[in-house]
Amino acid sequence: MRSYDNSHREEAPSGVFSLNPFGFAGKASVNLIISAKQSMLPGFHELLQTGFVLICTTGVSIRSLLCNRFGFSPQFVEDRISTIFLNGKPVDNIDTTTVADGATIALSGAMPGLAGATLRRKSPLASFRQTISSPSTPREEGKAPGAVLIKVFNILMDELGPLFLRQGMFLPAETLKLFFRKQPVEFWEGCVRILVNDTPVYLPPFREKVLAALKIEDTWVHLMVHGES
């Protein structure tokens, strides 16, 4: 995997309107940047499991999305991302399965038991789930800017979580409000710096000031989290 350049704020190209099922129109109303102690990053795992939106080129293969957009090495994809779901269906061939605008992609490491073995990519038991597997498409076509919903599970949360958080993700304001409201004091003590729309939040209580910035119910937030040792 390679690192990301986080010097710019992500936004869909002008004129792009995404008719996706999660209602994302291409930009955020609030930009939130948090610098937190490295040990506190697992506290954001809930957001990885719930799902977050990323802008990307759609109409490409899953492998292209993982390697070219997210920056994962081919070796990491083969060795660590054992199970992939596209719109709730397990994927076998990431080279011939195309990602459409508005798709939901779930990434998982190896899952235990017979069910885990059956759902795994390239599994010898794949024939047992043939009726629920995601269909392949012969080639990439209709490439266009769009958005996808990403979910990350189990061991991949520790491995991919810091990268996705550092890269930045779009989340509904209401999702973040619910998340921040239930965080303990230790979570906020682990936040070193917070910027809301490029304005520093200098003094505690961070919780109340961040929640106040998320007062518009029907808006999206671009969240970036940097881990510090």
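Structure data summary
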{"item": "The listed residue being part of a loop (DSSP other than H, G, I, E, B) and hydrophobic (A, V, I, L, M, F, W, C), out of L203, L223", "result": "L203"}
{"item": "Subset of the range 69-93 [more than 25 Å from P21 (Cα to Cα) and of a type in the set (D, E)]", "result": "E78, D79"}
{"item": "Some residue of the range 174-194 being farther than 16 Å from K37 by Cα, in contact with a Cys (Cβ under 8 Å, 6 or more places away or on another chain) and either assigned to a loop (DSSP other than H, G, I, E, B) or β-branched (V, I, T) (or both)", "result": "no"}
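Coordinate-derived values only; no laboratory data. Here the structure is a predicted model, which is why all the values come from computation and not from measurement. Reconstructed Cβ throughout: ideal geometry from the backbone, glycine too, with neighbour counts over all protein chains shown.
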